[in-house]
Amino acid sequence: MNDDPRPSRKGFFTDTSVCIGCKACEVACKEWNSVPEDGLDFLASSFDNSGRLSADTWRHVAFVEQRLPLGHQEPGVGRPEGAAGGTAAATGAGTVDLGMPSFDLPGQRAGDDDGTQGRGDFRWLMSSDVCKHCTSAACLDVCPTGALFRTEFDTVVVQEDICNGCGYCVSACPYGVIDRREVDGRAWKCTLCYDRIGEGLEPACAKACPTDSIQFGDLDELRERAQRRVEDLHEAGVSSARLYGEDPDDGVDGAGAFFLLLDEPEVYGLPPDPVVTTRDLPSMWRHAGAAAMVLLAGGLAAFAGRRS
């Protein structure tokens, strides 16, 4: 029997293999949290129009376009039988349908059924990014006013009425998540819908996700679920599937929001080995103190020498 009255740690597991890029999570986040619109600019580099996480974009769905077969498999895998490019039987692997579109790009010649001449298989890697709610959160360490605090669910929240806009947290975040809003200079980011989960509700983004790409719950349970999902994808032939941010022994001691990716983290704009940026502060202060003591001793010695 668990006698601990505190609630279990909550978090997000984002399974990018079933994300369809609908951006319902972005819209739901904005509506529930009254986040201002962010311009909706056409970036001319992708179908994505929000671009990145910011003070006005707490959920960001990235669109990564690749000239690759689905799931890094041989041509034909992930395409229905009979489609150009071969069948599962021809490639010796089972069909893997990740729910993502694949197109024949210009340059393909008629009759290229084996996918070896002129073919350009095209896939979108879509991923809904969010604040990681790190176990060791540098933004918390550097905040001088206490505007950032850790909740009873082990999530990290900004109290905008206490934030003085210093921006220390912006430079401290190893993921580049937290940002200051231009109109008031204060820092803003995902709160993991602290007001909702305190009432037993799902965060708005998870509630709105039509494919359950964004899953909310107890972090330990989510990690187990994610590991099973990776194993299932590996058995299905998607060898590129891997987890990101779930390891409690990584540079931020594990994230409260972690991801299943189908390529390297850098492809999604994520740092490959994030490290809490304040981890060396104690040793830096010790070295600075030692240097100050040496300087002081040298000054006193010089002063004493002149007196004598």
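General observations
- Checking L201 against (1) free of Cβ contacts under 8 Å to residues at least 60 places away in the same chain; (2) within 21 Å of T16 (Cβ to Cβ); (3) surrounded by fewer than 16 Cβ atoms within 10 Å (Cβ to Cβ), the condition it does not meet: (2)
- Check on A206, within 23 Å of A62 (Cα to Cα), touching a Cys at 6+ places or on another chain (Cβ under 8 Å), surrounded by 13 or more Cβ atoms within 10 Å (Cβ to Cβ) and touching a residue at least 60 places away in the same chain (Cβ under 8 Å): yes
- When residues in the range 178-208 are screened for being part of a loop (DSSP other than H, G, I, E, B), within 21 Å of the chain's Cα centre (by Cα) and over 15 Å from N33 (Cβ atoms), 0 of them pass.
- Within the range 230-249, the set of residues being open to solvent by 40 Å² or more (accessible area, probe 1.4 Å) and within 24 Å of V177 (Cβ to Cβ) comprises R242, E246, D247, P248, D249.
- Among all residues of the range 264-278, there is at least one that is among the polar types (S, T, N, Q), open to solvent by less than 20 Å² (accessible area, probe 1.4 Å) and either closer than 18 Å to T16 by Cβ or out of contact with any Pro (no Cβ under 6 Å at 6 or more places or on another chain) (or both).
- P265 being modelled with pLDDT under 95 and closer than 17 Å to G176 by Cβ: no
- Against the test of being part of a strand (DSSP E or B) and at pLDDT 95 or above, the options V157, V170 yield a single qualifying residue, V157.
- Criterion violated by T211 - all others in (1) at pLDDT 95 or above; (2) more than 30 Å from S17 (Cα to Cα); (3) surrounded by fewer than 19 Cβ atoms within 10 Å (Cβ to Cβ); (4) under 19 Å from the mean Cα position of the chain (by Cα) satisfied: (2)
- Among residues of the range 129-150, those that are in a loop (DSSP other than H, G, I, E, B), more than 20 Å from the chain's Cα centre (by Cα) and touching a residue at least 40 places away in the same chain (Cβ under 8 Å), counted: 1
- Scan of the range 49-71 for residues that are modelled with pLDDT under 80 and open to solvent by less than 40 Å² (accessible area, probe 1.4 Å), ordered by number: P69, L70, G71
The values are calculated or read from the model by the stated rules, or taken from the named source; none is laboratory data. Fair warning: this is a prediction, and the values are worked out from it, not measured in the lab. Ideal geometry is used to build each Cβ from the backbone, glycine not excepted, and the neighbour counts take in all protein chains shown. Surface areas here come from the heavy atoms of the whole protein model, side chains and all, with no ligands, DNA or RNA. Shrake-Rupley method; radii C 1.70, N 1.55, O 1.52, S 1.80 Å.
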